[in-house]
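The values are calculated or read from the model by the stated rules, or taken from the named source; none is laboratory data. Keep in mind that this is a model prediction, so the values were computed, not measured. So basically every Cβ, Gly included, is an ideal-geometry build from the backbone, and we count neighbours across all protein chains shown.
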Amino acid sequence: MYCGYKAYFHYPATFSPRLLYYTLAMIPLTDRDLILQARRGEAQAFGELVTRYQTSVFNICYRILHERGEAEDLAQESFIRAYDRIHTFDIEREFGPWVRRVAVNLCLNHLDSQKVTVELDDERDADSAQLPEAVQEVKERSEQIHHALASLPAQYRVIIELRHYQEMSYEEIAAQLNIPLSDVKSHLFRARKILAEKLHASD
């Protein structure tokens, strides 16, 4: 079963619908229904779970890694891991937070193994000299924020991602990362402090 489904992930994490997904019955199925079907060997059911959560999983990988290719690879790997463990998944839990946690752990392990600070892809789609002054200022400030985020320690980047981009509560973050609530608050405070110092220094 695992090998058969893994073949679906030979394609980029843009997850082209015509290659990956299947049209299921007209009646919407719950995540629990799809998980039970996947356990019975119905791979298209897990494909629907990928459809539902691919964007949030990719986004969290990209926010942590700041490199599209690696984010795509680890988003794919997150779903492969999830599929491999589908028979041991607690059916009473929510699938979305669980698969995002798988993605977070993969990204953190990846950063630990690489021991490097990854940078954002340069945004050079437009000639900056041709941009109006106000637009150019906004673009430059956005780049400063992105680079400041990229320079944060991995555990702080994760906290910023979950709080400000995924809009999770402190309690949800603590559950997602399996850390005490006090650590969530202290990490977020330190991350914001470091960001403020870096952005102030760049002004």
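In this entry, ILE35 is excluded by the filter for residues that are within 23 Å of the chain's Cα centre (by Cα), hydrophobic (A, V, I, L, M, F, W, C), assigned to a helix (DSSP H, G or I) and at pLDDT below 90. Of all residues in the range 156-192, those being part of a helix (DSSP H, G or I), at pLDDT below 85 and exposed (fewer than 15 other Cβ atoms within 10 Å of the Cβ) number 2.
Among the residues of the range 111-124, are any modelled with pLDDT under 85 and under 22 Å from SER186 (Cα atoms)? Yes, that holds for at least one residue. Listed by first and then second residue, the pairs linking a residue in the range 182-203 that is closer than 14 Å to VAL158 by Cα and among the hydroxyl-bearing types (Ser, Thr, Tyr) to a residue that is surrounded by 11 or more Cβ atoms within 10 Å (Cβ to Cβ) and at pLDDT 85 or above, with Cβ atoms under 9 Å apart and 6 or more places separating them unless they lie on different chains, form an empty list. If you take the residues in the range 73-90 that are under 14 Å from PHE46 (Cβ atoms) and assigned to a loop (DSSP other than H, G, I, E, B), which one is farthest from the chain's Cα centre (by Cα)? Looking at the filtered set, the residue picked out is HIS87.
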